[in-house]
Amino acid sequence: MKPALQSVDRQDGAPSAETDKAIIDNAIATGRAALIEWRAVGAQQRLKFLEDFGGQLQANRDELVDLLVEDIGKPIRYARAEHARSIALIDAAVQQIDLGQDHLPKKTGYRREPLGVIALIAPFNNPLAIPIGKIVPALLYGNAVIWKPAIPGTRIARRAAELFAAATKRPELLQIVCGGEQTARELMSASDAVTLSGSVETGRVAQEICAAHHIPLQAELGGNNASIVWHDVDLGAAAASIVEGAFAFAGQRCTANRRAIVDPSIYDRFLSELVAACGRLVWGDPADERTQIGPLISPASRDRVAGVIERAKKSSLQVIAPLPETQSLPGDAWLTPTIVCCDDPNHEVVQEETFGPVLVVQRANDWEDAISLCNGVKQGLVAALFSDSKNLIEDFLGRAKAGILKINSSTADAAVDLPFGGWKASGFGPPEHGPANREFFTRMQAIYFP
């Protein structure tokens with residue numbers, strides 16, 4: 001008999017640590033028992049199963065989109081985009097697979113072996129696409145996965161796992177364990193490898209656990225991303241791109257455009273363009289097709305980000321809220337998009353990733369200062385340059401310290417078939433996607449013949 005999906009839900013009373021551990025140990029044992037057969041079916045059959053899983057996700061698109069809107073407040077236009085990205089991530093992973101990867105070498109050489117049971121610690125903000133981008137390559141390379149969603153993404157994870165079971169008849173290969181921080185710690189400690197998306201603090205905890213247990217870690221840890229805007233571009237187009245990158249989904253994206261670093265000769269004009277572009281954004285009901293900005297994930301997140309804005313005001317920084325407050329929105333997790341002008345590179349609002357609807361505008365003294373400001377934070381996920389100068393583009397590409405560099409588009413979003421990972425405090429271990437999938441989800445094993 002196939003095991004049922006396993007769940008610990010801390011929203012309705014936290015179970016004991018012993019309960020957590022027992023459920024996780026059972027899930028690990030179940031996953032490991034399934035690995036021999038999963039490896040034996042071969043890469044071609046694994047690929048077919050996962051294509052069928054993609055078919056199930058596609059067939060249930062509307063239901064999954066509705067869950068994204070209802071459970072995390074994602075505006076429906078971006079919920080649909082997340083679902084489409086999930087399907088694209090499956091297609092991209094399938095294109096990378098080597099159908100001969102399971103063959104034993106017949107002479108001295110090496111092969112790549114799966115890691116075993118992978119702990120997947122997922123965030124709330126992309127609770128479908130981010131996990132799918134990890135699950136599918138992990139399984140294609142012969143691993144099993146235990147998925148711990150963020151609590152707001154619990155229903156989405158359970159439904160996705162049900163669709164996987166319907167497509168493959170192998171629910172033991174993708175199990176769900178729900179809970180909070182202690183659940184994540186227990187799961188990481190018991191697994192053969194860990195892949196996660198989360199905060200810098202979460203990454204530090206994961207590093208300690210994985211180092212203690214000598215297991216691989218892949219961690220995407222967010223970004224305090226900057227776009228440099230120079231005088232030789234269309235300022236209106238640059239402003240529109242940056243404000244959408246900063247404020248869509250209330251800024252709750254790891255690639256969100258947190259900072260704009262501006263050529264001093266166009267600073268005032270560009271700030272006016274930013275304010276005008278922000279004023280054209282639509283915030284409101286996430287189920288409304290027009291909405292770009294919905295609520296934050298919780299009142300606590302709203303209060304945290306509002307606190308950053310309040311401290312910026314107390315520091316006498318220029319704080320601009322271009323959109324009018326509205327009293328008609330239900331709930332208390334709403335925060336109006338805010339532009340903060342700050343020329344102090346050491347100020348909290350510059351140095352800390354808000355993960356909310358805040359765009360910080362920094363005035364550069366010159367090009368050298370712009371590069372210094374861009375690199376002057378602890379994270380290094382995405383950096384962008386708005387300029388048509390070949391010399392500046394070349395210099396930017398040579399000196400910007402981030403895992404993803406973009407020209408004439410905001411920092412937000414990324415392709416599904418290129419490596420996705422940050423430098424400095426934005427990541428640990430191999431990046432996600434593209435050729436990086438094979439690098440993380442398998443390991444080399446040398447074989448000698450006489």
Quick check on L274: is it out of contact with any Cys (no Cβ under 9 Å at 6 or more places or on another chain), buried (at least 21 other Cβ atoms within 10 Å of the Cβ), assigned to a helix (DSSP H, G or I) and aliphatic (A, V, I, L, M)?
yes
Residue list for segment 185-203, restricted to those being out of contact with any strand residue (DSSP E or B) (no Cβ under 7 Å at 6 or more places or on another chain) and either modelled with pLDDT under 95 or open to solvent by less than 10 Å² (accessible area, probe 1.4 Å) (or both):
S199, V200, E201
Taking interchain pairs and intrachain pairs at least six residues apart, which have beta carbon atoms under 7 angstrom, with the first residue in segment 233-253 and in contact (Cβ under 8 Å) with a residue 12 or more places away in the chain and the second in a helix (DSSP H, G or I) and open to solvent by 10 Å² or more (accessible area, probe 1.4 Å)?
L235/R269; L235/E273; G236/E273; A239/E273; A248/Y78; F249/Y78
Consider segment 224-246. How many of its residues are open to solvent by less than 10 Å² (accessible area, probe 1.4 Å) and either among the hydroxyl-bearing types (S, T, Y) or in contact with a Cys (Cβ under 7 Å, 6 or more places away or on another chain) (or both)?
4
Go over the candidates Q218, Q182, Q207 one by one and state the one that is open to solvent by less than 20 Å² (accessible area, probe 1.4 Å) and of a type outside the set (F, W, Y).
Q218
Looking only at segment 380-399, count how many residues are polar (S, T, N, Q) and open to solvent by 10 Å² or more (accessible area, probe 1.4 Å).
2
Just a yes or no: is a residue in segment 411-429 farther than 30 Å from D388 by Cβ, free of Cβ contacts under 8 Å to residues at least 60 places away in the same chain, surrounded by fewer than 22 Cβ atoms within 10 Å (Cβ to Cβ) and in contact with a Pro (Cβ under 8 Å, 6 or more places away or on another chain)?
no
Quick check on this structure: which one of V136, V117 is crowded, with 24+ Cβ neighbours inside 10 Å, touching a residue at least 60 places away in the same chain (Cβ under 8 Å), out of contact with any strand residue (DSSP E or B) (no Cβ under 7 Å at 6 or more places or on another chain) and among the β-branched types (V, I, T)?
V136
Hits in segment 363-375 - residues which are open to solvent by 40 Å² or more (accessible area, probe 1.4 Å) and within 27 Å of the chain's Cα centre (by Cα):
S372
Filter result for the condition that a residue is over 19 Å from V358 (Cβ atoms), free of Cβ contacts under 8 Å to residues at least 60 places away in the same chain and out of contact with any Phe, Trp or Tyr (no Cβ under 6 Å at 6 or more places or on another chain), over C210, C178:
C210
Exception for A17 within (1) modelled with pLDDT of 95 or more; (2) surrounded by fewer than 17 Cβ atoms within 10 Å (Cβ to Cβ); (3) more than 23 Å from the chain's Cα centre (by Cα) falls at (1)
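Any residue at all in segment 238-251 that is closer than 26 Å to P430 by Cα and at pLDDT 95 or above?
Within segment 238-251, one or more residues are closer than 26 Å to P430 by Cα and at pLDDT 95 or above.
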In segment 24-52, which residues are in contact with a Pro (Cβ under 8 Å, 6 or more places away or on another chain) and crowded, with 18+ Cβ neighbours inside 10 Å?
T30, L35
Test of understanding: among P152, P127, P105, P131, which residue is in a loop (DSSP other than H, G, I, E, B) and within 23 Å of T202 (Cα to Cα)?
P127
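The values are calculated or read from the model by the stated rules, or taken from the named source; none is laboratory data. Just so it is clear, the structure is predicted and the values come from calculations on it, not from any experiment. Cβ: placed from backbone, ideal geometry, glycine included. Neighbour counts: every protein chain shown. In case anyone asks, the SASA skips ligands and DNA or RNA and just uses the protein heavy atoms, side chains included. Shrake-Rupley method; radii C 1.70, N 1.55, O 1.52, S 1.80 Å.
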